[in-house]
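The next block holds one structure in the form of C-alpha cells; read it before the comments.
The values are calculated or read from the model by the stated rules, or taken from the named source; none is laboratory data. Remember, predicted model here, so these are calculated numbers, not experimental data. Here Cβ is always computed from backbone atoms with ideal geometry, including for glycine, and neighbour counts include all displayed protein chains. The accessibility values were calculated without ligands, DNA or RNA, using every heavy atom of the protein model including side chains. Shrake-Rupley method; radii C 1.70, N 1.55, O 1.52, S 1.80 Å.
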Amino acid sequence: GEDVEQSLFLSVREGDSSVINCTYTDSSSTYLYWYKQEPGAGLQLLTYIFSNMDMKQDQRLTVLLNKKDKHLSLRIADTQTGDSAIYFCAESGSSNTGKLIFGQGTTLQVKP
Amino acid sequence: DTGVSQNPRHKITKRGQNVTFRCDPISEHNRLYWYRQTLGQGPEFLTYFQNEAQLEKSRLLSDRFSAERPKGSFSTLEIQRTEQGDSAMYLCASSDIRKANTEAFFGQGTRLTVV
C-alpha cells in the first residue's frame, strides 16, 4: 500500500543546515512534495520534485531523491528561527487524481 | 485571488449535533480536495471533486460525512451526529488539472472540537 514515513523531530542551531528525511513506498509516484505547516495554519507548498529527477535546488532548499531506495530529503541551508515549523513529505501515489499521501511530519526546532 | 478560503476557522459543537464547513477554492481550479488532520499526524485524504463530480471517497469518510460541490465552485463538508472522534482540523485544497505537477494549494483549515 501507500505509506510515507518521516522522523518526528529535528533540532538545529540557527545558521546550521537542516536535513529532513522521508521514505515512501509507492515507486510509481510521479511527484514528491515538501510542505511546511506553522502552528494553527494550513499547509504551504515549499517545493516539489518530479520522479525522474534526483536533485532540485531552490534558494536555500535542496531536495534529493533516491528513487531506488524510495528516499527523499529536504536540506535547508542557513536555517533561521523562522524555519521552525512542521515539515511534511507527500507523494502523489499511483493514481493521477492529484490526491496526496502525507507523512506524519517532522517538527523542526531552530535554536538561536 | 486570495487563495483557498475556509469557513469557519474554528467550530465547537456538542456531540450529536450536525456541522457544515465551507471551502472556496482558487477560482480557476477545477479540482477540490478535503483532508482531515488529527493532532500529531499528517493530513489524510477524505474525498475529491473534479468540477462538480465527486470522483473518489476514502474509506475514512463514513456515512455521517457528506460533501458537495454544486456548480463546481465552492464545496461544503457536512458531518451529521458528530462524535468526539471527529475532532480534527479539516483542510481543503484545490488544484488545476491543466498543470502537470498537480500542485495543491491548501486553505487555513477548519478546526472542529466536539465536546
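Quick look at the numbers
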read-out: Residue selected from the range B:74-114 under the condition of a type in the set (Asp, Glu) and surrounded by 14 or more Cβ atoms within 10 Å (Cβ to Cβ), by the criterion nearest to the other protein chains (Cβ to nearest Cβ); value: B:103
read-out: Filter pass, residue A:47 being hydroxyl-bearing (Ser, Thr, Tyr) and free of Cβ contacts under 8 Å to residues at least 12 places away in the same chain; value: no
read-out: Those residues of the range A:23-33 which are more than 11 Å from chain B (Cβ to nearest Cβ) and within 14 Å of the chain's Cα centre (by Cα), in sequence order; value: A:23, A:24
read-out: Residue ID - farthest from residue A:22 (Cα to Cα), chosen from residues in the range A:80-100 that are facing chain B (nearest Cβ under 7 Å) and hydrophobic (A, V, I, L, M, F, W, C); value: A:100
read-out: The listed residue being touching a residue at least 40 places away in the same chain (Cβ under 8 Å) and out of contact with any Leu (no Cβ under 9 Å at 6 or more places or on another chain), out of B:6, B:17, B:37; value: B:17
read-out: Residue count, the range A:102-112 (criterion: open to solvent by 30 Å² or more (accessible area, probe 1.4 Å) and either facing chain B (nearest Cβ under 8 Å) or part of a loop (DSSP other than H, G, I, E, B) (or both)); value: 2
read-out: Lone qualifier among A:61, A:43 - being within 14 Å of another protein chain (Cβ to nearest Cβ) and open to solvent by less than 70 Å² (accessible area, probe 1.4 Å); value: A:43
read-out: Subset of the range B:73-103 (residues that are among the β-branched types (Val, Ile, Thr), in contact with an Asp or Glu (Cβ under 9 Å, 6 or more places away or on another chain) and closer than 14 Å to residue B:26 by Cβ); value: B:102
read-out: All positions within the range B:38-64 that are within 11 Å of another protein chain (Cβ to nearest Cβ) and open to solvent by less than 70 Å² (accessible area, probe 1.4 Å); value: B:38, B:40, B:42, B:43, B:45, B:46, B:47, B:48, B:49, B:50, B:56, B:58
read-out: Residues (over 10 Å from residue B:110 (Cα atoms) and surrounded by 20 or more Cβ atoms within 10 Å (Cβ to Cβ)) located in the range B:1-28; value: B:4, B:25
read-out: Hits in the range A:17-33 - residues which are under 17 Å from residue A:109 (Cα atoms) and either hydrophobic (A, V, I, L, M, F, W, C) or in contact with a Leu (Cβ under 9 Å, 6 or more places away or on another chain) (or both); value: A:18, A:19, A:20, A:21
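Rundown of residues vs (1) in a loop (DSSP other than H, G, I, E, B); (2) open to solvent by less than 50 Å² (accessible area, probe 1.4 Å); (3) within 20 Å of residue B:93 (Cα to Cα); (4) more than 11 Å from chain B (Cβ to nearest Cβ), yes/no style:
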residue: A:16; (1), (2), (3), (4): yes, no, no, yes
residue: A:35; (1), (2), (3), (4): no, yes, yes, no
residue: A:39; (1), (2), (3), (4): yes, no, yes, yes
residue: A:53; (1), (2), (3), (4): yes, no, no, yes
residue: A:57; (1), (2), (3), (4): no, no, no, yes
residue: A:68; (1), (2), (3), (4): yes, no, no, yes
residue: A:72; (1), (2), (3), (4): no, yes, no, yes
